[in-house]
1. What percentages make up the Cα-Cα pair-distance distribution of region 72-155 when the bins are 10 Å wide from 0?
2. Per residue, how much accessible area does the chain have with a 1.4 Å probe, in Å²?
3. May I ask you to rank LEU100, LEU86 by accessible area, largest first, using a 1.4 Å probe over the protein chains only?
4. If you roll a 1.4 angstrom probe over the protein chains with everything in place, what fraction of the accessible area of the chain belongs to carbon and sulfur, to the nearest %?
5. Considering the chain, what Rg and Dmax in Å follow from its alpha-carbon atoms?
6. In what sequence, highest mean first, do 127-134, 111-118 appear when ranked by Cβ atoms within 10 angstrom?
7. As a test, work out the antiparallel percent of DSSP beta bridges whose residues both lie in region 41-176, rounded to the nearest 5.
8. Contour minus end-to-end for ASP92 and HIS31, with contour as 0.36 nm per residue of separation and end-to-end as the Cα-Cα distance?
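The values are calculated or read from the model by the stated rules, or taken from the named source; none is laboratory data. Note that the structure is a prediction, hence the values are computed from the model and not measured. All Cβ positions, even for glycine, are placed from backbone atoms using ideal geometry, and neighbour counts span all protein chains on display. For accessibility, only protein heavy atoms count, side chains too; no ligands or nucleic acids. Shrake-Rupley method; radii C 1.70, N 1.55, O 1.52, S 1.80 Å.
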Amino acid sequence: MDIVLGVSLTPKTVRMVLVEGEKGDGAIVDHDDFDVSSADGSATSSAAADQVVAAVLGTQESAAEGGHILKAIGVTWSDRIEAAALRDTLADRGIRDVMLVSELHAAGALAQAAGRAVGYESTGLLFIDRDTATLSVVRSDDGSIVKVLSRSLHSTDAMAVLADMVAAVEAQEARP
């Protein structure tokens, strides 16, 4: 059976999920998460990258033992440079063809799948990180992002910023 591996890389934690199907559109086979230990607290420092590589190699081995074929590996990231460094570390260990996906694009794919599953034409996605809120409208048929509002959360009233963003999307003729 074909499976794909998804890896979510944050500064302190790595989350991994194995999903059935060549495109990762099947049932969840297994999942795991672990804190990374590194001197600088970064998930892609040398020690942390070694932890991720060991986890990926272990996943490949157990997938093969279970009769599965690992077709793809996708890594979501919040820092492009750190993600590229991890990709290079994986490649140095013989793990190639790793696809890097930004957190926003990964969330957009999830919004598309959710919208498609419930029959919505489009879905609103509110993505919040430490500094910024991004509100996107994602089309369910093709996953295109048709509207994006992004605002800083460094404000005296961050809730008012979020409310204004939602009001702007609700004012659209075709609401998500």
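1. With a bin width of 10 Å, the distribution comes to 18, 36, 30, 15, 1.
2. Roughly 58 Å² per residue, with all protein chains present.
3. So the residues, ranked largest to smallest area, are LEU100, LEU86.
4. 52 percent
5. 18.2, 55
6. Highest-to-lowest ranking by the protection proxy: 111-118, 127-134.
7. Of those bridges, close to 75 percent are antiparallel.
8. Taking ASP92 through HIS31 to full extension adds about 19.5 nm, to one decimal.
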